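Shown next, in structure tokens, is the structure this report addresses.
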Amino acid sequence: MSSRTSPRRPAAARDLSCSNNSVQNSNRRQPDAGYLTILLCVVVLPILLFPAISFGQDGHHGVGHENWHESFYSTLIRKDTKTSCCNLSDCRPTESRMVNDHYEVKVDGAWLKVPKETIQNVSAPDGGAHVCAPAQIGAAKGKIYCVVLPPET
């Protein structure tokens, strides 16, 4: 017999130890495809979609335009030039508010004062606020072509 001996556990203890491991392993569930699909729909998709929704309501250039062009934006006429308010991407849904004696709308995420001559005397099909304005960069910063305000409540 060798001088080096290793401590040995009794066979019953070894068997119990192995059976405990297999019980622990069988209690661990692997995520199934249904669980992952639910996780994707409930957690991941809203995170991806809600920024886009709020982005559109900030009056960002081109966002939401395609929904209303044919039925609504293409009918809006500028009061100053008697031409269309829309050049195929300038109009979009936005937010509006009354500040003291004037209206403001969000255009590309910033609140701008609405010139009275840009206000259209129509209601939008969705009852919301809409703005027609170029992308707010360079010389176009602060420029608004047309505004549709929601009905007074």
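Assorted remarks:
- Enumeration of residues in the range 100-123 that are in contact (Cβ under 8 Å) with a residue 40 or more places away in the chain and more than 18 Å from ASP80 (Cα to Cα): TYR103, VAL105, LYS106, VAL107, ASP108, GLY109
- Strands (runs of 3 or more DSSP E) wholly inside the range 15-123 containing at least 2 residues that are at pLDDT 60 or above, loosely packed, with under 13 Cβ neighbours inside 10 Å and not small (Gly, Ala, Ser): 96-99
- Note on the range 124-153: residues that are at negative phi and either outside any strand (DSSP E or B) or without any contact (Cβ under 8 Å) to a residue 24 or more places away in the chain (or both) amount to 20.
The values are calculated or read from the model by the stated rules, or taken from the named source; none is laboratory data. In this text, all values refer to a predicted model and were calculated from it rather than measured experimentally. When we count neighbours, we look across all protein chains shown, and the Cβ atoms used for this are built from the backbone with ideal geometry, even at glycine.
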